[in-house]
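I have placed the structure first, in the form of C-alpha cells, so that the comments after it can refer back to it.
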Amino acid sequence: MPESDLQYLSELAQQLRVDSVRAAAEAGSGHPTSSMSAADLMAVLFARHLRYDFGRPGNPANDHLIFSKGHASPLLYALYKAAGAIDDAELLSFRRRGSRLEGHPTPRLPWVDVATGSLGQGLPVGVGVAMAGRLERSPYRVWVLCGDSELAEGSIWEAAEHAGTEGLANLTAIVDVNRLGQRGPTRHEWDTGAYARRFGAFGWHTVEIDGHDPEQIDHALGDARGTRGRPTVILARTRKGQGASEVQDREGAHGKALKNADQAIDELGGVRDLRVSVREPEEGVEPYRFETAPLSLPAYDVGEKVATRTAYGEALAALGAARGDVVALDGEVADSTRTEAFGAAVPERFFEMYIAEQQLVAAAVGLQVRGWTPYAATFAAFLTRAYDFIRMAGVSRASIRLVGSHAGVAIGEDGPSQMGLEDLAMLRAVYGSTVLYPCDANQAAALTVAMADVEGVSYLRTTRGNTPVIYQRDEEFPVGGSRVLRHSPGDRATIVAAGVTVHEALAAADELAAGGVPVGVIDLYSIKPVDAAALVEAATTTGNLITVEDHRLEGGLGDAVMDAVSELGPRVVKLAVTALPGSATPEEQLAEAGIDRHAIAAAVKQLL
C-alpha cells in the first residue's frame with residue numbers, strides 16, 4: 001500500500017477517535033474507549049472495502065454493516081460524519097433528546113438495519129441478512145463488528161455454527177479484541193488464538209491481525225472478500241482507548257466520557273475534517289424474487305375437529321405458494337408445529353435453524369431487513385429462551401411473525417417443562433406487538449394470513465390438540481377484533497376466553513343456561529390489540545366479567561381485559577393457571593387448573 005494511503009488511513013482513524021471523544025464529552029456519557037479501539041478497523045473498511053450508497057440506503061446491492069458491539073455508537077456516528085451522511089452539529093447531538101444519534105444505534109437512522117446494544121445479537125442477525133443475500137442471489141456482503149466480551153454469549157456460537165455449516169461466505173465478523181470488558185479483563189484477554197480455534201471448529205476461515213496496523217487490516221478484509229465457501233472472522237488485537245494515555249488499556253474507563261477530553265484530543269492530533277469516499281455498489285442489481293399466485297386458503301367444515309397448529313401449517317403452505325416473499329424458519333420441531341407443510345410446498349424458502357431459538361428469531365429479523373416476510377415457529381415455551389431477541393426486534397421496529405405451539409396445560413402428559421404458560425404476557429409486553437390466539441382451524445388459517453401484513457412483532461398461539469371448528473369457511477377475523485358467541489338481553493355475566501378455553505366457555509354457558517342463568521361469551525382472539533369496545537359493552541351491560549385462559553394469571557388475557565375495562569369498575573374474576581402442573585390428560589389438566597367448563601360455571605355462580 002502506498003505511503004500516502006497509509007498516512008490517510010491513520011489520519012482517518014485518529015479523526016474517528018477524536019470525534020468519538022468529542023461526541024461523548026458533549027453528551028457527558030457514552031463509550032468512547034470502546035470506539036477508539038476499533039477505529040483503525042472501521043477506517044480501512046470504509047475507505048477500501050465497504051460498498052454502500054449513503055444517498056440510497058435501500059439500494060439492494062449495498063453492503064450491510066452491523067455494529068454488534070452497539071455501545072461503540074460514537075465510532076459509527078463518526079464514520080457517518082466522515083462519509084458525509086451527517087454533519088458535525090448532528091454528531092454533537094449524540095444522546096440528546098430528539099437526536100437520531102441514540103446511545104446505541106437504532107433504525108431511526110436510515111443506514112442502520114437493526115437496533116443493537118444487547119450484546120451477542122449482531123452476529124446472529126447478520127447471519128439472517130447473509131441468508132437473505134443467498135436467497136435473493138445478491139452480491140452484497142455483511143460485515144459485523146463484534147466485541148470480545150460478547151463472545152461469551154451463547155448466541156454468538158449459535159450464529160457461528162449456523163453460518164459455518166451453511167457456508168455463508170458473504171458474512172465477515174470483525175472482532176475487536178481489546179482485552180477489557182466493562183469491569184475488567186475478558187475471559188481470553190488478547191489470546192486471539194483461543195477465539196480462532198473456536199471459530200475454526202465451526203468451519204470459519206480465521207485471520208489474526210494487529211488491529212492497529214492498516215496494512216494487516218486491509219489484507220484481512222481483502223482476504224475475507226475473496227474467501228469462498230465459508231464465512232470469515234477477523235480477530236484483531238487492539239487496545240481499548242487507543243491513543244489517549246488517560247484511558248489506553250486501563251480498567252475503569254468503560255462507558256464513561258473522558259475526564260480530560262481536550263487533552264486526549266490534543267494527544268490524538270486535534271480535530272480534523274477528513275472525508276472518506278465509500279465506494280458505491282454495482283449498478284443494476286435486482287434481487288431475485290419468487291413468483292406469486294392466487295391464494296387458495298384451506299377451509300374446514302363446522303363440527304370437524306382440527307388442531308389450530310395443523311391449520312396454521314396448511315395455511316402457511318398455501319400462503320407461501322401464493323406469496324413469493326414469505327419464508328419460514330423452524331426450530332427442529334416442524335413436525336409438531338406443522339411448519340413442515342410449508343417446507344414440502346416451497347422447500348427453497350424453508351430454513352431449518354435446529355434447536356437454537358435465539359438464532360431462529362435473529363435470522364427472522366435479518367431476513368426481514370431485506371424485505372422478506374418471515375414466520376418462525378417453535379413450542380411456545382421455548383420462545384422464552386429467545387425473549388431478548390424478541391424484545392430487541394421490537395426496538396428495531398422489525399416485522400417478524402412468531403408462532404408458538406403446544407401452549408398451556410392443554411398439551412397434557414408432557415408436563416410443565418413443555419407448557420407455554422408465560423408467552424402471552426411475554427409477547428404483550430413487547431413494543432408494538434400483536435398477539436393472536438385462535439380457537440378453531442378456520443380462524444387460525446385466517447389469522448395466519450392476516451399476520452403477513454401486520455407490522456412489528458406479531459405472535460400466533462396455537463393449540464396441540466384437536467378442537468371443534470365453530471366458524472364457517474371464509475369468515476374474516478380482523479386483527480383487534482373479537483367475536484360474541486353467546487348474547488341475550490338477560491345476560492347476567494360475560495365469559496371472555498381465547499383459544500382452547502373458548503370451547504370450555506361455550507359448554508359452561510350452555511350448562512348455565514340450562515339452569516336458568518344466561519351468560520354471554522366473547523372469543524377474544526386478538527389479545528393485543530384488544531377489542532376494547534366489545535369488552536366495554538359487555539362490562540356495561542352485565543357488570544360481571546369472567547376471564548378464562550390456559551396461561552398464568554399474570555399478564556395474559558385477564559390482564560388485557562382489565563386494562564380495557566378497569567375505569568368502568570365491573571366485577572372481574574380471572575381464571576388462569578396458578579399451580580405448577582404435573583403430567584395428566586388434557587381434560588384432567590384443564591380441570592385441575594380450574595379453567596374447564598365446570599370451573600367456569602362454578603365461578604359464575606359464585607360471582608352471582
- Quick one: how many residues across the stretch 25-40 are within 22 Å of residue 177 (Cα to Cα) and over 28 Å from the mean Cα position of the chain (by Cα)? 5
- Query: So, of the residues in the stretch 393-412 that are over 18 Å from residue 309 (Cα atoms) and of a type outside the set (A, V, I, L, M, F, W, C), which turns out to be surrounded by the fewest Cβ atoms within 10 Å (Cβ to Cβ)?
  - Reply: 397
- Message: Only one of 393, 407 is of a type outside the set (D, E, K, R), closer than 20 Å to residue 587 by Cα and modelled with pLDDT of 95 or more. Can you tell me which?
- Response: 407
- Task: For the stretch 492-506, indicate whether the set of residues that are farther than 21 Å from residue 306 by Cα and of a type in the set (Gly, Ala, Ser) is non-empty.
- Result: yes
- Note on the structure: How many residues of the stretch 217-248 are farther than 15 Å from residue 36 by Cα and among the charged types (D, E, K, R)? The answer is 5
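Listed here are the residues, each with its yes/no results for (1) buried (at least 18 other Cβ atoms within 10 Å of the Cβ); (2) at negative phi.
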residue	(1), (2)
327	yes, yes
332	no, no
335	no, yes
344	no, yes
350	yes, yes
364	yes, yes
368	yes, yes
374	yes, yes
- Message: Criterion first (among the small types (Gly, Ala, Ser), buried (at least 18 other Cβ atoms within 10 Å of the Cβ) and under 18 Å from residue 172 (Cβ atoms)) does residue 68 satisfy it?
- Response: yes
- Message: I need the strands (runs of 3 or more DSSP E) fully contained in the stretch 505-608, keeping only those with at least 3 residues that are outside the structural domain of residue 464 (by TED's automatic domain parsing) and among the polar types (S, T, N, Q).
- Response: none
- Message: Condition first: under 22 Å from residue 589 (Cα atoms) and of a type in the set (S, T, N, Q). Now tell me which residues in the stretch 500-546 satisfy that.
- Response: 501
- Message: Go through (1) in contact (Cβ under 8 Å) with a residue 60 or more places away in the chain; (2) surrounded by 16 or more Cβ atoms within 10 Å (Cβ to Cβ); (3) within 34 Å of the chain's Cα centre (by Cα); (4) in the same structural domain as residue 150 (by TED's automatic domain parsing) for residue 225 and report which single condition fails.
- Response: (2)
- Message: Consider the stretch 97-151. How many of its residues are closer than 22 Å to residue 178 by Cβ and of a type in the set (S, T, N, Q)?
- Response: 4
- Please state which one of 274, 258, 295 is within 20 Å of residue 20 (Cα to Cα), of a type in the set (A, V, I, L, M, F, W, C) and not assigned by TED's automatic domain parsing to the domain that holds residue 157. 274
- Message: Regarding the stretch 39-61, can at least one residue be identified that is in contact with a helix residue (DSSP H, G or I) (Cβ under 7 Å, 6 or more places away or on another chain), free of Cβ contacts under 8 Å to residues at least 60 places away in the same chain and either under 18 Å from residue 216 (Cβ atoms) or assigned by TED's automatic domain parsing to the domain that holds residue 144 (or both)?
- Response: no
- Query: Within the stretch 126-149, is even one residue surrounded by fewer than 19 Cβ atoms within 10 Å (Cβ to Cβ), small (Gly, Ala, Ser) and outside any strand (DSSP E or B)?
  - Reply: no
- Can you find a residue in the stretch 577-585 that is crowded, with 19+ Cβ neighbours inside 10 Å and within 20 Å of residue 428 (Cα to Cα)? yes
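The values are calculated or read from the model by the stated rules, or taken from the named source; none is laboratory data. Computed from a predicted model, the values in this text were never measured in an experiment. Backbone-built Cβ (ideal geometry, glycine too); neighbour counts: all protein chains shown.
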